[in-house]
Amino acid sequence: MAQPADQFKKLIAHCKENGFIYQSSEIYDGLSAAYDYGPYGVLLKNNIKQYWWKSMVQMHENIVGLDSAIFMHPKTWKASGHVDAFNDPLIDNKDSKKRYRADVLIEGAVDKILAKADKEVKKARKRFGDSFDEKMFRETNERVLKYTNRGKAIIDRMNAALKAEDMADLKAIIEELEIACEVSGSKNWTEVRQFNLMFSTQLGNVAGEEGKLYLRPETAQGIFVNFLNVQKTTRQKLPFGIAQIGKAFRNEIVARQFIFRMREFEQMEMQFFIKPGTQQKWFAYWKEARMKWHLALGTPEAKLRYHDHDNLAHYADAAVDIEFQFPFGFKELEGIHSRTDFDLGAHQELSGKKLQYFDPETKESYVPYVLETSIGCDRMFLALMSHCLQEEAVGGDENNKRDVLKLHPALAPVKFCVVPLKRNEPKLVETAKNIFKQLKFSFSGQYDDTGSIGKLYRRQDAIGTPFCITVDFETLDNNTVTVRERDSMEQERVDIDGLEKLIGERVDMKGLLA
Ligand code: GAP
């Protein structure tokens, strides 16, 4: 079985070679942490967004949509806390001039310590065989305990330093752990300092600080500042939500792992406005609802888990991540945050405009609390690619392998491909092209006669096409075609008139939404 690092390299290569994702500005040697979605990438991304949008807006009478501007009044970011608190602790290596996030360096060193504990466990498993009780071993073995306790103590100290914004202690931890730069190998570090992650730009007609604008680091604030506009124009009563999909920008210090952490990315966020005091109930509700959304796609349960936040963001009173097991480990895919009345309250104060809801039941006005669900569209894309891209030995034959992208059919970029059995048989070609012309009204599809049938099937497997339709000589006699299903590779004979229904039933999002 391929190692995770090799798997990840293969995934990146697959995305490029099959028209899903390209490095931005590649002909100029690329721009780091920026990516372009190719022809199949954009189709898949649009389908992910559609699934999210439908599940939020179409399926909930009390959730409505919004598309707010990327540029917002600069005071927005003062009120939201991003000007003062949206920072990462940064450290430079003086020799290589390479910049790191101090907390990421420390976590990396802790991972190495914990790996020593795992090594002990692995050795013991080999020694004791089937009778090995890993839990007991981890709880009692002296060496394992020494490593895990040390790791935990360092993380606790780092979290406390982050919370207290104690940059000197972060530097002290880096020095005590003798962390070296991966490029220069030296331990010649600058002081740790806070680095604001917002990109700024300048308005054309206003000079200086006055004209300073930010590219939004989250889509959420566009929702908050429109809270009353939307509530009044849609006559929604609490609880109700506003959903938005859009670009966000962060000047990430450590931007790597392909599309996992980018400087320009897309978020799908929903802010759910609730009565103060009900946040625990709604936190539990959305936590469960969002996990169901992921599981409906066929993502294995073992690849998803919750992770409660120890370090709460400046706006939250509770927060949980849904983590996914990427090829480089379990990492955040989505966040569910109980944001209290922090944002609306802050905007109300700084703008001087009331952002209150009049409750017709209690006859009171108050600033609502907010429950947020926030997922990166690109991370969702990467999660899907990670677990859907599989290498299979066809019929168990190790010499006959195929790469198949087992996406849920509703998300597949291309739903069908029509191929004639022989490309130099005009009747077969004409019939195949007619089928394509007929089906393209309903589904995204392709006609292809540029290779042997086997080669064309593999090409479609690689981009996740659920159905390949082959027109052969029998078609000319009885109006039937063979339909090959991507995952089972089984073929069935189907009447041409029944194709639309057969494909439609499988690729419809209804099943997912239900
Ligand atoms: N409005 C809340 C918010 O922005 P966040 O945890 O900072 O919360 C939400 O971001 C989601 O956005 C993350 O769970 C992740 O999926 C995605 N995300 C954040 N930073 C990202 C980046 N640099 N590149 C790609 N996706 C990112």
Mind grabbing the base-10 log of I(q)/I(0) for segment 423-514 at q = 0.22, 0.25 Å⁻¹? Debye formula, identical points on the C-alpha positions, no solvent, two decimal places.
-1.27, -1.61
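Using 25 Å as the Cα-Cα cut-off, could you pick out the over-long pairs in Lys112/Lys303; Lys126/Lys401; Lys98/Lys119; Lys116/Lys331?
Beyond 25 Å between Cα atoms: Lys126/Lys401; Lys98/Lys119.
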Would you mind checking the tilt of helix 279-296 against the longest principal axis of the Cα atoms of the chain, expressed as 0 to 90 degrees and rounded to 10?
30 degrees
Return the lysines within reach of Lys247: Cα separation strictly under 17 angstrom, same-chain partners fewer than 8 residues apart disregarded; answer none if there are no such residues.
Lys45, Lys49
Quick check on segment 420-461: take the gyration tensor over C-alpha atoms, sort the square-rooted eigenvalues as a ≥ b ≥ c, and tell me if it's rounded (a/c under 1.5), prolate or oblate.
oblate
Pseudo-spin-label distance Tyr366 to Lys163, built 7 Å along Cα→Cβ, given in nm, is 2.7 nm
Give me the extension gain from Phe199 to Leu145: residue separation times 0.36 nm, minus the current Cα-Cα distance, reported in nm with one decimal.
15.1 nm
Whole-Hz ³J(HN,Hα) for each residue in segment 428-443, computed from phi via Karplus 6.51 cos²θ - 1.76 cosθ + 1.60 with θ = phi - 60°, x for glycine and proline: what do you get?
5, 4, 4, 4, 4, 5, 5, 4, 4, 4, 6, 6, 5, 5, 9, 9
Probe radius 1.4 Å, ligands and nucleic acids ignored: give me the carbon and sulfur share of the accessible area of segment 334-413 as a rounded percent.
43 percent
In whole Hz, what ³J(HN,Hα) sequence does segment 231-239 give by Karplus (6.51, -1.76, 1.60; θ = phi - 60°), x for Gly and Pro?
4, 6, 6, 10, 6, 6, 10, 5, x
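FRET efficiency for Lys247 and Phe328, Cβ-Cβ distance as r, R0 = 35 Å, nearest 0.05?
Result of the calculation: an efficiency of 0.90.
Would you calculate, for the chain, the mean residue ellipticity at 222 nm contributed by helices, counting each DSSP H stretch of 4 or more residues as -39,500 (n - 2.57) and dividing by all residues, to the nearest 500?
-12000 deg cm²/dmol
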Which residue, Ser184, Val225, Val206, has the largest displacement toward the positive end of the dipole of segment 178-234 when charges sit on each Cβ (Lys, Arg +1; Asp, Glu -1)?
Val225
Degrees, to the nearest 10: 377-388 long Cα axis against longest axis of the chain
50 degrees
Whole-number accessible area per residue in Å² for the chain, which is evaluated in the context of all protein chains at 1.4 Å:
50 Å²
About the Cα centre of the chain, what is the dipole size in debye to 20, counting +1 per Lys and Arg Cβ and -1 per Asp and Glu Cβ, all else neutral?
200 debye
Per residue of segment 412-421, in order, report the coupling 6.51 cos²θ - 1.76 cosθ + 1.60 (Karplus, θ = phi - 60°) as ³J(HN,Hα) in whole Hz, putting x for Gly and Pro.
4, x, 10, 8, 8, 9, 9, 10, x, 4
Kindly give Rg over Rh for segment 271-413, based on alpha-carbon atoms, with the Kirkwood expression for the hydrodynamic radius.
1.15
Leaving out ligands, DNA and RNA, and with a 1.4 Å probe, what % of the accessible surface on segment 21-73 is carbon or sulfur?
54 percent
Could you work out, for the chain, what percent of all Cα-Cα pairs fall into each 20 Å distance bin, beginning at 0 Å and stopping at the bin that holds the largest distance?
18, 46, 30, 6, 0
Enumerate the amide H contacts of Leu90 below 5 Å, restricted to partners 5 or more residues apart or on another chain; note that Pro and chain-start residues carry no placed amide H.
Ala102, Arg193, Gln194, Phe195
Simple SL model, points at 7 angstrom along Cα→Cβ for Val183 and Glu301; separation in nm is 4.6 nm
How large is the charge dipole for segment 92-166, taken about the Cα centre, if only the Cβ atoms of Lys, Arg (+1) and Asp, Glu (-1) carry charge, to the nearest 20 debye?
360 debye
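Among residues other than Leu312 whose Cβ falls under 11 Å from its Cβ, what is the net charge (Lys/Arg +1, Asp/Glu -1)?
For residues surrounding Leu312, the net value is -1.
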Taking Cα atoms only, helix 102-128 is inclined relative to the longest principal axis of the chain by an angle, in degrees rounded to 10, of 60 degrees
Probe radius 1.4 Å, ligands and nucleic acids ignored: give me the carbon and sulfur share of the accessible area of segment 259-328 as a rounded percent.
48 percent
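The values are calculated or read from the model by the stated rules, or taken from the named source; none is laboratory data. Everything numeric here is computed off the predicted structure, so don't read it as measured data. FYI the Cβ positions are ideal-geometry reconstructions off the backbone, even for glycines, and counts take in every protein chain you see. Areas reflect the complete protein model, heavy atoms only, side chains present, ligands, DNA and RNA absent. Shrake-Rupley method; radii C 1.70, N 1.55, O 1.52, S 1.80 Å.
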